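Undergrad: Dropping the structure in here first, questions after.
The values are calculated or read from the model by the stated rules, or taken from the named source; none is laboratory data. Just so we're clear, the structure is a prediction, and the values are computed from it rather than from any experiment. When we count neighbours, we look across all protein chains shown, and the Cβ atoms used for this are built from the backbone with ideal geometry, even at glycine. Calculation scope for accessible area: heavy atoms of the full protein, side chains included, ligands and nucleic acids excluded. Shrake-Rupley method; radii C 1.70, N 1.55, O 1.52, S 1.80 Å.
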Amino acid sequence: MKSLSHDRLAVALVTEADLFGAVIAGADPDVRVPTCPEWTLRDLTRHVGVAYHKSAAIIASRPTGYVPFEAVTIDEPPAFETLGAWLRDGAERLVAAVTEVGPETPTSTWTPDRRAGFWTRRLTHETVVHRADATFATGAPYDVDADLAADGIAEGLDLVAVFSRLQHPALDRTPLRGTGETLLFHATDPEAGWLARRTPSGVEVSEETGDADVVVEGRAVDLLLALTARIAADDPRLTVSGDAALFTHWLEHTRF
């Protein structure tokens, strides 16, 4: 399926930021996040907002080379009670920065995709997954638009494929190289499929359905949560057929 348009993602980013803010409203800022146990809810929220504000600052500066996040200075995040508004402001700043320069304009990113629009897509899906983390911490309900979840799967698999070919200290995916093993991730809502093939040079991903060494099926939102290690490989929302150990190995080597 075709990736979502920049306009769709821009709207989704601000919407997801608002939904995130609604989840944390009135919550205990010091509660631990079960899916990110090293973080409190305050830590999680700041992580998302800092990414918005720093990426917006990078894009607006129109850099000609790589700019690490550590080199970008932004205002200190506000008190927890106003972090929801700060999230929305950061999302809007990011969308405005990308819109001003154009989503196809080169900028600084941490992947070979140097387009400004990379940040809109990446941080939309970052928010989708971290909003799930926030709901797990607070007990709030969670769901996400099916087309957005499917695009998140595609984007995540693309990143796996890219970094399986590179030596990257923080995102080492080289253990996923193989000898032709195949994993099929089949979304039932919306109907879509992604075939990952492990080759000696790295992972190859294509959009298709069919046979594979292991087939993992479920709604797009549930596949997304599984592929980001937010639900377990044996979660009842998933159907796993074939070599389950292959799927487990995949999850062990793809977590951010």
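Undergrad: Quick check: anything in the stretch 77-97 touching a residue at least 60 places away in the same chain (Cβ under 8 Å) and of a type in the set (S, T, N, Q)?
TA: Scanning the stretch 77-97, I find no residue that is touching a residue at least 60 places away in the same chain (Cβ under 8 Å) and of a type in the set (S, T, N, Q), so the answer is no.
Undergrad: Here's a follow-up. How about the stretch 163-182: which of its residues are among the aliphatic types (A, V, I, L, M) and either modelled with pLDDT of 95 or more or open to solvent by 50 Å² or more (accessible area, probe 1.4 Å) (or both)?
TA: LEU166, ALA170
Undergrad: Then there is this: If a residue has to be in contact (Cβ under 8 Å) with a residue 40 or more places away in the chain and in a loop (DSSP other than H, G, I, E, B) to count, how many in the stretch 200-239 make the cut?
TA: 5
Undergrad: For the structure I just gave you, tell me whether VAL11 is without any contact (Cβ under 8 Å) to a residue 12 or more places away in the chain and of a type in the set (A, V, I, L, M).
TA: So VAL11 fits the description; yes.
The rows are residues; the columns are (1) modelled with pLDDT of 95 or more; (2) within 28 Å of LEU195 (Cβ to Cβ); (3) in a loop (DSSP other than H, G, I, E, B); (4) not charged (D, E, K, R).
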residue: ILE74; (1), (2), (3), (4): yes, no, yes, yes
residue: LEU87; (1), (2), (3), (4): yes, no, no, yes
residue: ARG93; (1), (2), (3), (4): yes, no, no, no
residue: THR99; (1), (2), (3), (4): yes, no, no, yes
residue: PHE118; (1), (2), (3), (4): yes, yes, no, yes
residue: VAL129; (1), (2), (3), (4): yes, yes, no, yes
residue: TYR142; (1), (2), (3), (4): yes, yes, yes, yes
residue: ALA149; (1), (2), (3), (4): yes, yes, no, yes
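Undergrad: Got a sec? Which of VAL72, VAL144 is surrounded by fewer than 19 Cβ atoms within 10 Å (Cβ to Cβ) and either within 24 Å of VAL221 (Cα to Cα) or out of contact with any strand residue (DSSP E or B) (no Cβ under 8 Å at 6 or more places or on another chain) (or both)?
TA: Answer to the check: VAL72.
Undergrad: If you check VAL160, VAL216, VAL240, VAL203, which single one turns out to be of a type in the set (A, V, I, L, M), farther than 16 Å from LYS2 by Cα and in contact with an Asp or Glu (Cβ under 9 Å, 6 or more places away or on another chain)?
TA: Within the list VAL160, VAL216, VAL240, VAL203, the selection yields VAL240.
Undergrad: I would also like to ask the following. Mind counting the residues in the stretch 1-41 that are touching a Phe, Trp or Tyr at 6+ places or on another chain (Cβ under 6 Å) and under 18 Å from TRP86 (Cβ atoms)?
TA: Selection size over the stretch 1-41: 1.
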